[in-house]
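So the structure is just underneath, and the comments pick up after that.
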Amino acid sequence: MNTENIDQKNIKQKTKQAKMEFIFTSPHKILTAEGVKKTLSNEGLDTSEFIISVKSHLKKLKENGHENPIAIGSIPFDINQKTEFFIPNSSTFSEHFSDGTETQEIDSTKLISLSQVTGEQHFKGAVNKALSLSKNTQLDKVVLSRAIDVQTSGTLNAQRMARVLYQQNPSAYVFSIPQSNGSTLVGASPELLVKKQGNQVSSNPLAGSRKRTAIATQNDALSDELWSCTKDRFEHKLVADAVYQHLQPFCSEINNPEAPSIIETSAMIHLSTKIDGTLTSENTSALDLAYALHPTPAICGTPANLAKATIQHLEGYERAQFCGAVGWMDSQGNGEWVVTIRCGVIQQNAIRLYAGAGIVEGSDPAAEFNETEAKLNTMLSALGFNAANETQQSAQTMVLS
């Protein structure tokens, strides 16, 4: 055994971890963190054991004099897959980025290729099959997604992309989370899975969408149409009811509005329900709640097990971190976790982007495909590309890989 090679490998790994930089923004604060003090993995642990392990490591650090250590990371769509959280060397909460750069210019890289991982016809065919299943089984809703692979002329800067996303989507939860394999999960999620502060808990499920336009009066009309649409209201209720039902056992009081409201992102209009409550025990952590809620019908479907099986059968690719949860938790169990949507995974000069749509009775395959196009625009805009133009071209002349 060549111990010198092993030592060199360990040195390189530690050097890479020392340089890892994390970003997680919420509407009122920005979390930045650097370096890796400890990597926590779920390997060999069930979910309960993994949660206990994370809590234990944070508690031990606090007892050893660290003021309020945090764990930051992402949960994959399938919780049985490998999960890694990182305890950074340092972390800061602030109202602004610490270096004063509130905005960033888009990278000057050029598009080399854009290819659809599964393609338009595959996606529409999967929607039709899901609609057939909904008629013949207990399947009420399933979320089907698609992915595109983008290659650019230069290495993509995840930190810069996160700041562009923050500039374009100031009300979103923007994240840039490096992974130990050298990739970086980056995105701007509009959907709060759960927030825990003291004994207060909140969640903001979204379901039912329309593509936003540049004209305010058109957006008003689209909002009215969305709010009145029986199909979208049904889809949304499935999600909101599930979140309420999973949070209720943890709460002494909980508020669940009878009707949804409307929220707008830079690209989309969504039905939204804000659920908040008071926890029975402050010892219930944000991570306990995140795992209790994940995956919600907003990114999986209902019934959950049937929806998962349908996704595995019809989707045609591995979701990995997409439609998981991303966020942080401190040593007191406080934290924020958001649904990992409007996101991509960067690997040097390549990024895989994802988008999904909820399929229920009354869904139209063409309309659902167009919805995914609109959602992809959030990330393509951060790259300086246009979703409709680029994906149309990719089907014709730009599939070079």
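Table: residues versus (1) surrounded by 13 or more Cβ atoms within 10 Å (Cβ to Cβ); (2) in contact with a Ser or Thr (Cβ under 6 Å, 6 or more places away or on another chain); (3) of a type in the set (S, T, N, Q).
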{"residue": "Asn42", "(1), (2), (3)": "yes, yes, yes"}
{"residue": "Leu45", "(1), (2), (3)": "yes, no, no"}
{"residue": "Glu49", "(1), (2), (3)": "no, no, no"}
{"residue": "Ser56", "(1), (2), (3)": "no, no, yes"}
{"residue": "Leu61", "(1), (2), (3)": "yes, no, no"}
{"residue": "Gly65", "(1), (2), (3)": "no, no, no"}
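All but one of (1) of a type in the set (D, E, K, R); (2) more than 22 Å from Lys375 (Cα to Cα); (3) touching a helix residue (DSSP H, G or I) at 6+ places or on another chain (Cβ under 8 Å) hold for Asp232; which doesn't?
(2)
Would you be able to tell me the number of residues in the range 296-335 that are assigned to a loop (DSSP other than H, G, I, E, B) and free of Cβ contacts under 8 Å to residues at least 60 places away in the same chain? First the steps, then the outcome.
The initial filter retains those residues of the range 296-335 that are assigned to a loop (DSSP other than H, G, I, E, B), namely 296-300, 303, 315-324, 331-334.
Applying the additional criterion that residues be free of Cβ contacts under 8 Å to residues at least 60 places away in the same chain yields 318.
Number of matching residues: 1.
Looking at Leu306, Leu279, Leu289, Leu271 in this structure, which one is over 20 Å from the mean Cα position of the chain (by Cα) and crowded, with 21+ Cβ neighbours inside 10 Å?
Values: Leu306 fails: crowded, with 21+ Cβ neighbours inside 10 Å; Leu289 fails: over 20 Å from the mean Cα position of the chain (by Cα); Leu271 fails: over 20 Å from the mean Cα position of the chain (by Cα).
So the residue among Leu306, Leu279, Leu289, Leu271 that is over 20 Å from the mean Cα position of the chain (by Cα) and crowded, with 21+ Cβ neighbours inside 10 Å is Leu279.
Please work out which one of (1) of a type in the set (A, V, I, L, M, F, W, C); (2) touching a helix residue (DSSP H, G or I) at 6+ places or on another chain (Cβ under 6 Å); (3) more than 24 Å from Cys300 (Cα to Cα) is the condition Ala214 fails and give its number.
The failed condition is (2).
So in the range 255-268, with the set limited to residues that are over 21 Å from the mean Cα position of the chain (by Cα) and farther than 18 Å from Lys195 by Cβ, which one is surrounded by the fewest Cβ atoms within 10 Å (Cβ to Cβ)?
Checked the range 255-268; the qualifying residue surrounded by the fewest Cβ atoms within 10 Å (Cβ to Cβ) is Glu258.
Can you find a residue in the range 340-351 that is touching a Lys or Arg at 6+ places or on another chain (Cβ under 6 Å) and more than 30 Å from Thr213 (Cβ to Cβ)?
No.
Results for (1) more than 22 Å from Gly335 (Cβ to Cβ); (2) of a type in the set (Asp, Glu), shown as yes or no for each residue.
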{"position": "Asp241", "(1), (2)": "yes, yes"}
{"position": "Leu247", "(1), (2)": "no, no"}
{"position": "Pro260", "(1), (2)": "yes, no"}
{"position": "Ser266", "(1), (2)": "yes, no"}
{"position": "Ile269", "(1), (2)": "yes, no"}
{"position": "Ile275", "(1), (2)": "no, no"}
{"position": "Asp288", "(1), (2)": "no, yes"}
{"position": "Leu293", "(1), (2)": "no, no"}
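Cβ-Cβ below 8 Å, separation at least six or inter-chain, first residue in the range 246-270 and over 22 Å from Asn169 (Cα atoms), second among the aromatic types (Phe, Trp, Tyr) and not in a strand (DSSP E or B): which pairs?
What qualifies is Ile254/Tyr244; Asn256/Tyr244.
Conditions (1) modelled with pLDDT of 90 or more; (2) within 28 Å of Val338 (Cα to Cα); (3) in a loop (DSSP other than H, G, I, E, B), marked per residue:
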position: Thr109; (1), (2), (3): no, no, yes
position: Ile112; (1), (2), (3): no, no, no
position: Leu139; (1), (2), (3): yes, yes, yes
position: Val143; (1), (2), (3): yes, yes, no
position: Ile148; (1), (2), (3): yes, yes, no
position: Ser180; (1), (2), (3): yes, yes, yes
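Go through Arg160, Arg146 for me and flag whichever is within 19 Å of Leu383 (Cβ to Cβ), under 17 Å from the mean Cα position of the chain (by Cα) and basic (Lys, Arg). It would help to see each step written out before you state the result.
Numbers: Arg160 fails: under 17 Å from the mean Cα position of the chain (by Cα).
On inspection, the qualifying residue turns out to be Arg146.
Does Asp149 qualify as being touching a helix residue (DSSP H, G or I) at 6+ places or on another chain (Cβ under 8 Å), in contact (Cβ under 8 Å) with a residue 40 or more places away in the chain and among the charged types (D, E, K, R)?
On the way: touching a helix residue (DSSP H, G or I) at 6+ places or on another chain (Cβ under 8 Å): no; in contact (Cβ under 8 Å) with a residue 40 or more places away in the chain: yes; among the charged types (D, E, K, R): yes.
Taking the combined requirement at face value, the residue does not satisfy it.
Please state which one of Tyr244, Tyr166 is under 16 Å from the mean Cα position of the chain (by Cα) and either surrounded by fewer than 17 Cβ atoms within 10 Å (Cβ to Cβ) or assigned to a helix (DSSP H, G or I) (or both). Give the derivation first.
Numbers: Tyr244 fails: under 16 Å from the mean Cα position of the chain (by Cα).
None of the others qualify; the one that does is Tyr166.
Out of all the residues in the range 114-137, which are outside any helix (DSSP H, G or I) and not aliphatic (A, V, I, L, M)? Walk me through it before giving the result.
Taking the range 114-137 as the starting set, the residues that turn out to be outside any helix (DSSP H, G or I) are 114-119, 137.
Passing the criteria: Ser115, Gln116, Thr118, Gly119, Thr137.
Go through the range 267-295 and count every residue that is assigned to a strand (DSSP E or B) and either touching a Cys at 6+ places or on another chain (Cβ under 8 Å) or acidic (Asp, Glu) (or both). Outline the logic, then answer.
Step one: of the range 267-295, the residues assigned to a strand (DSSP E or B) are 268-272, 275-279.
Add one more test, that the residue is either touching a Cys at 6+ places or on another chain (Cβ under 8 Å) or acidic (Asp, Glu) (or both), and what stays is 276-279.
Going through the range 267-295 one residue at a time, the tally reaches 4.
Of the residues that sit in the range 169-224 and are of a type in the set (Ser, Thr, Tyr) and farther than 20 Å from Phe93 by Cβ, which one is surrounded by the fewest Cβ atoms within 10 Å (Cβ to Cβ)?
Filtering the range 169-224 down to residues of a type in the set (Ser, Thr, Tyr) leaves 171, 173, 176, 180, 183-184, 189, 202-203, 209, 213, 217, 223.
Remaining after also requiring farther than 20 Å from Phe93 by Cβ: 180, 183-184, 203, 209, 213, 217, 223.
Working: Ser180: 15, Ser183: 20, Thr184: 25, Ser203: 27, Ser209: 24, Thr213: 12, Thr217: 8, Ser223: 19.
Looking at the filtered set, the residue picked out is Thr217.
For residues in the range 114-131 being among the small types (Gly, Ala, Ser) and at pLDDT 95 or above, which is surrounded by the most Cβ atoms within 10 Å (Cβ to Cβ)?
Residues of the range 114-131 that are among the small types (Gly, Ala, Ser), as a first pass: 115, 119, 125-126, 130.
Next cut, at pLDDT 95 or above only: 125-126, 130.
Working: Gly125: 15, Ala126: 24, Ala130: 26.
Out of the qualifying residues, it is Ala130.
Restricting attention to the range 202-238, which residues are touching a residue at least 40 places away in the same chain (Cβ under 8 Å), in contact with a Gly (Cβ under 9 Å, 6 or more places away or on another chain), assigned to a helix (DSSP H, G or I) and not polar (S, T, N, Q)?
Listed by number, the residues that qualify are Leu226, Trp227, Lys231, Phe234, Glu235, Leu238.
Determine the pairs where a residue that is under 19 Å from Gln179 (Cα atoms) and modelled with pLDDT under 95, located within the range 47-74, has a partner that is loosely packed, with under 13 Cβ neighbours inside 10 Å and hydrophobic (A, V, I, L, M, F, W, C) with Cβ atoms under 8 Å apart, the partner being 6 or more residues away or on another chain.
From the range 47-74, no pairs qualify.
The values are calculated or read from the model by the stated rules, or taken from the named source; none is laboratory data. Treat the numbers as computed from the prediction; the structure is a model and nothing was measured. All Cβ positions, glycine included, derive from the backbone under ideal geometry; neighbour counts span all protein chains shown.
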